[in-house]
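What follows is a single structure, written as structure tokens, with notes after it.
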Amino acid sequence: MNNRILNNIKKDFVIEFRNKTAISISVAFAVITTLSISLVSGATPLSPMVHSIIFWIILFFSAMSGLAHTFIREEEEKTSLFLSLHCTPEEIYLSKLIFNTALFLSIAVIVTPLYLFFLQVLPVYLPLFCFITLSGAVAIASVATIFGAMVSKAGSGSSLFTIISFPILLPVLWTTITVTAISIEGTAVKQYRDIVFLLAFSGVIVLTSYLSFRFIWKET
Amino acid sequence: MKTVIYFLFILTLFVLMPAVIVTALSWVPTVELLGNSGRILYFHVPLAFLSVLSFVTAGYQSLMVLITSNKMKEREYKAYNAALAGIFFTILTIITGSIWAKISWGSFWNWDPRETSIVYLMLIYISYFCLYSVLKDNENRYRISSVYLIIAMIVMPFFVFIIPRMYNSLHPNTIINSEGKIQLEYTMRLTLFMSIAVFTLLYGYIYNIMNRISALEIKAEEKIYDI
């Protein structure tokens, strides 16, 4: 991989480990929501579909609260111009995409066991549950990266980020919620074709974003 | 020459539109089990088609904004107007669909995959207008909003064509189906395609007027700055 991309990813990780803004916001949000739901629902059994909806809403809003930060930070700290001098827009996009995907996968890895533990859920099809969580996380991260760049260049906050990302992410949420419910319930046929759908969706988003990123990043 | 073509276009539109309405409401036989309520098909399907067509037009104009260096302002307002017309047709599709759903399935809204996919389109249009209004004074507005419309156009087939076919739907697959055959009687098929063609002409007419108004607004703005 290109050295500049690696250096950029390394830089983002160093900054993230130093001030832990994105990960702490996202994880704190996810933990607070999971615990609140667990506390309120108590011993009341929830249906697999309700579990699935709550689980993906927690993951979605965790992403919305943390993933735009990587681009917004560059604008706030006035480092985007320096970054543009050092790397091409495509390199910046790829490094941010890899960083966001890694960050969101780590958030999912922390949040998923917490949710399963506190709400006492054990998916019947565990491999399907893991695959759908991973492919859903990749799809959310790929959409969040390009829209994070748009929001940072628009000089706007996280509310706009949620508004513009939500409609594009709806097919992802629809598929992941349905398949997660199936994997928890274990009554329907395992639907691995939905994972293919999510990966195809992510591929299309990444390709389009890669080709159009320079138009967002470079100012006229 | 241009005036003559425009006159013929208007004439065709104003002759064919009443003809299609009369044909759809009286000439075509009623749909089995649905009765006269099935006649809404000849208005609902063309409106849904125009929602998608506006989406593609907005995406195409946005793509041209990015790949060509001339007429950017013109292409930008053309993309915006296509989206504006698109949201109008999407709302009309939802309204006609809900009326038909109430008659056929018993409730206005059933969360059917195809009903939901048209709401996706509407949400994307709303998000685009939010983004556009936030970027009002941003120098990079035309580029950022164009990229949004291009991404939306590219993911649109996922929720208009793929998702509704992945899950069970209450909608019949009469036109696009796995057998590759149009399952409509000849007169119904003729009326439906005539209706789609005439509604597309109407869309062209409305879109043209919107673009001319935008062009005049820009000219007026430039004149004000000159003074």
**Request:** Can you give me the three principal axis dimensions of the range A:70-220 from its C-alpha atoms, in Å, biggest first?
**Result:** 55, 30, 26
**Between 0 and 90°, nearest 10: helix B:72-105 axis offset from chain B longest Cα axis** = 20
**Prompt:** Per the Kirkwood definition applied to all pairs of different Cα atoms, how many angstroms is the hydrodynamic radius of the range B:1-62?
**Reply:** 14.2
**Item:** Spin-label proximity, A:THR44 to the range A:101-138 - amide N less than 18 Å from point 7 Å beyond Cα toward beta carbon
**Value:** A:118-121
**Complete:** Measuring from the longest principal axis of the C-alpha atoms of chain B, the long axis of helix B:141-157 (C-alpha) lies at a number of degrees, nearest 10, equal to 20
**Angle between chain A longest axis and helix A:21-41 axis [Cα atoms, degrees, rounded to 10]** = 20
**Inter-chain Cβ neighbour average for residues A:162-174, partner chain, 10 Å** = 6
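Would you mind putting B:206-214, B:1-9 in packing order, based on average other-beta-carbon counts within 10 Å, highest first?
B:206-214, B:1-9
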**Asked** With θ set to phi - 60° and the Karplus curve 6.51 cos²θ - 1.76 cosθ + 1.60, what are the ³J(HN,Hα) couplings of the range B:57-68 in order, to the nearest whole Hz, using x for Gly and Pro?
**Response** 4, 4, x, 5, 4, 5, 4, 5, 4, 7, 8, 10
**Request:** Would you mind telling me which residue in A:ILE140, A:ILE98, A:ILE110 has the biggest mean-square fluctuation in a Gaussian network model of chain A, where springs connect alpha carbons within a distance under 10 angstrom?
**Result:** A:ILE110
**Item:** In the range A:54-99, trypsin sites (Lys or Arg not before Pro) in a DSSP loop with at most 12 other beta-carbon atoms within 10 Å
**Value:** A:LYS78
**Prompt:** When Cβ neighbours within 10 Å are restricted to other protein chains, what is their mean count per residue of peptide B:139-148?
**Reply:** 6
**Message:** At a threshold of 8 angstrom on Cα-Cα distance, excluding pairs fewer than six apart, so keeping six or more, what relative contact order does chain A reach in percent?
**Reply:** 29
**Request:** Mind computing the radius of gyration and Dmax over the alpha-carbon atoms of the range B:31-142? Å is fine for both.
**Result:** 17.2, 57
**Request:** Using only the Cα atoms of the range A:75-159, construct the convex hull and provide its projected area averaged over every direction, in square nanometres to one decimal.
**Result:** 7.1
**Request:** Compute the distance in nm between two label points, each set 7 Å from the Cα along the Cα-to-Cβ direction, one at B:THR68 and one at B:LEU216.
**Result:** 2.4
**Sparse-neighbour loop sites [trypsin sites (Lys or Arg not before Pro); the range B:41-147; at most 13 other C-beta within 10 Å; DSSP]** = B:LYS71, B:LYS136
**Prompt:** Which of B:SER69, B:SER127, B:SER51 moves the most in a Gaussian network model of chain B with Cα springs under 10 Å?
**Reply:** B:SER69
**Message:** Please report the spacing between the Cα centers of the range B:53-98 and the range B:1-45 in Å, no decimals.
**Reply:** 24
**In range of the label at B:THR200: residues from the range B:53-84 whose backbone nitrogen is under 16 Å from the point 7 Å along Cα→Cβ** = B:53-58
**Message:** Using only DSSP helix segments of four residues or longer, with each worth -39500 (n - 2.57), what per-residue ellipticity at 222 nm results for the protein assembly as shown after dividing by its residue count and rounding to 500?
**Reply:** -27500 deg cm²/dmol
**Prompt:** Counting only other chains, what is the mean number of Cβ atoms within 10 angstrom of the Cβ of each residue in peptide A:211-218?
**Reply:** 5
**Item:** Shape box of the range A:1-153 [Cα atoms, principal axes, largest first, Å]
**Value:** 56, 28, 24
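Given a Förster distance of 41 angstrom, what is the FRET efficiency for B:ILE162 paired with A:SER106, based on the Cβ-Cβ distance and rounded to 0.05?
That gives a FRET efficiency of 0.85.
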**Cα principal axis extents for the protein assembly as shown, largest first, Å** = 70, 67, 38
**Fill in**
Over all pairs of different Cα atoms in chain B, the reciprocal of the mean inverse distance gives a Kirkwood radius in Å of 19.4
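Just so you know, all these numbers are worked out from the coordinates, no wet-lab data involved. These figures come from a predicted structure and were not determined experimentally. Neighbour counts are summed over all protein chains in view; Cβ atoms, including those assigned to glycine, are modelled from backbone coordinates with ideal geometry.
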